[in-house]
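Visitor: My structure is below; once you've seen it, I'll send some questions.
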Amino acid sequence: MKLVFAGTPEVAVPALDALIASGRHEVAAVVTRPDAPAGRGRRLVASPVAERAEEAGIEVLKPVKPRDEDFLARLREIGPDACPVVAYGALLPRVALDVPAHGWVNLHFSLLPAWRGAAPVQHAVMAGDEITGASTFLIEEGLDSGPVYGTVTEEIRRTDTSGDLLTRLAFAGAGLLVATMDGIEDGTLKAVPQPADGITLAPKITVENAHVDWSAPALRVDRMVRGCTPAPGAWTVFRSERLKLIHATPVPERTDLAPGELSVGKNNVYVGTGSYAVELLWVQAQGKKPMRAADWARGVRIASGERLGA
């Protein structure tokens, strides 16, 4: 089939690569978000998908909005059979959805109807799910509600951050997306409506959502830190400044600390929760680079009885 691929961040690149390498389909163009300011200089930078497409000699379309007439005219001119989508980042209007004969097919990083929304992987980790996966579905105007073509499952490991899990899903999902395009082309794959039961939502996680509550049980704190890593980053407050929590681990044998209370050893930093303690392994103080928690603690000289979150 002739395809127009839509995607923006790094997590979408494995799927684009897989479609290019498939040899069965032609990626005629790529749709991505416009160049955005990045870095200290805030210069405009192309998205990872745009950079990969340009390397491959594929036409890149960067509409400010996917309802822009110039974009729609070019899309109709290309005449794609289908438009595979991975984390494009903009809502597609009906006028765009109607262009390809087989529609726009989204690769979503959850087992639908679970975790519909912008942050399915983060929410799965934070909720303590043991299994997640990826789904391909036909995009409708509702939120991730379209009929599903296929799924692939993935175990959530005990120490997975959302970044770890998303990386694995990006590559597993890339194969699923290619298989979905193959099945649509040869007519062996039909989309099945999602069940009405089991719907959960995964809205974008804001910085405020990532504020750690030390009165929560240790397992919930652990899931919060892992689910918010690398973005937006779990955080707490120490001496009126934010402290980012990069890596922590539960320590069931330490039950002697009050919520938020710090205990510092030669090479260990423990903090109390609503159940047992967690050990801080890596942190990032405001305006500083990431560092081992023990090095941070030595630098700030934590006094007896000091707490996080106060």
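The values are calculated or read from the model by the stated rules, or taken from the named source; none is laboratory data. Remember, it's a predicted structure, so these values are computed and weren't measured experimentally. No Cβ is skipped: glycine too gets one built from the backbone with ideal geometry, and neighbour counts run over all protein chains shown. Calculation scope for accessible area: heavy atoms of the full protein, side chains included, ligands and nucleic acids excluded. Shrake-Rupley method; radii C 1.70, N 1.55, O 1.52, S 1.80 Å.
Visitor: List the residue pairs whose Cβ atoms are under 7 Å apart, where the first residue sits in segment 210-222 and is farther than 14 Å from Gln122 by Cα, the second is among the hydroxyl-bearing types (Ser, Thr, Tyr) and in a loop (DSSP other than H, G, I, E, B), and the two are 6 or more positions apart or on different chains.
Guide: Trp214/Thr273; Ala216/Thr273; Pro217/Thr273; Pro217/Ser275; Ala218/Thr273; Ala218/Ser275; Ala218/Tyr276
Yes/no matrix, rows are residues, columns are (1) closer than 25 Å to Glu130 by Cβ; (2) open to solvent by 50 Å² or more (accessible area, probe 1.4 Å); (3) out of contact with any Cys (no Cβ under 6 Å at 6 or more places or on another chain):
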site: His211; (1), (2), (3): no, yes, yes
site: Pro230; (1), (2), (3): yes, yes, yes
site: Gly233; (1), (2), (3): yes, no, yes
site: Pro250; (1), (2), (3): yes, no, yes
site: Glu253; (1), (2), (3): yes, yes, yes
site: Tyr270; (1), (2), (3): no, no, yes
site: Thr273; (1), (2), (3): yes, no, yes
site: Glu279; (1), (2), (3): yes, no, yes
site: Val283; (1), (2), (3): no, no, yes
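Visitor: Here's something else I'd like to know. Got at least one residue in segment 122-145 being closer than 17 Å to Val4 by Cβ, touching a residue at least 60 places away in the same chain (Cβ under 8 Å) and not in a loop (DSSP other than H, G, I, E, B)? Please lay out each step first, then the result.
Guide: Keep residues of segment 122-145 that are closer than 17 Å to Val4 by Cβ, which gives 136, 138-139.
With the extra rule that they be touching a residue at least 60 places away in the same chain (Cβ under 8 Å), the set shrinks to none.
The answer is no, given that none of the residues of segment 122-145 is closer than 17 Å to Val4 by Cβ, touching a residue at least 60 places away in the same chain (Cβ under 8 Å) and not in a loop (DSSP other than H, G, I, E, B).
Visitor: What tally of residues in segment 152-162 results from selecting those that are in contact (Cβ under 8 Å) with a residue 40 or more places away in the chain and surrounded by 17 or more Cβ atoms within 10 Å (Cβ to Cβ)? Walk me through how you get there before you give the answer.
Guide: Applying the first criterion (in contact (Cβ under 8 Å) with a residue 40 or more places away in the chain) to segment 152-162 yields 153, 159-162.
Retained after the next criterion (residues that are surrounded by 17 or more Cβ atoms within 10 Å (Cβ to Cβ)): 160-162.
Number satisfying all stated conditions: 3.
Visitor: On the basis of being open to solvent by 20 Å² or more (accessible area, probe 1.4 Å), more than 30 Å from Tyr270 (Cα to Cα) and not in a strand (DSSP E or B), does Ala174 make the cut? Steps first, please.
Guide: Details: open to solvent by 20 Å² or more (accessible area, probe 1.4 Å): no; more than 30 Å from Tyr270 (Cα to Cα): yes; not in a strand (DSSP E or B): yes.
No: the conditions fail for Ala174.
Visitor: Please count how many residues of segment 19-37 are small (Gly, Ala, Ser), more than 19 Å from the chain's Cα centre (by Cα) and open to solvent by 30 Å² or more (accessible area, probe 1.4 Å). Can you show your working first?
Guide: To start, the set of residues in segment 19-37 that are small (Gly, Ala, Ser) comprises 21-23, 28-29, 36.
If we keep only those that are more than 19 Å from the chain's Cα centre (by Cα) as well, we get 21-23, 28-29.
Those still in the list that are open to solvent by 30 Å² or more (accessible area, probe 1.4 Å) too: 21-23.
Final tally of qualifying residues: 3.
Visitor: Could you list all residues from segment 231-257 that are assigned to a loop (DSSP other than H, G, I, E, B) and either free of Cβ contacts under 8 Å to residues at least 12 places away in the same chain or over 12 Å from Val283 (Cα atoms) (or both)?
Guide: Let us first name the residues in segment 231-257 that are assigned to a loop (DSSP other than H, G, I, E, B), namely 231-233, 239-240, 252-257.
Listed by number, the residues that qualify are Ala231, Pro232, Arg239, Ser240, Pro252, Glu253, Arg254, Thr255, Asp256, Leu257.
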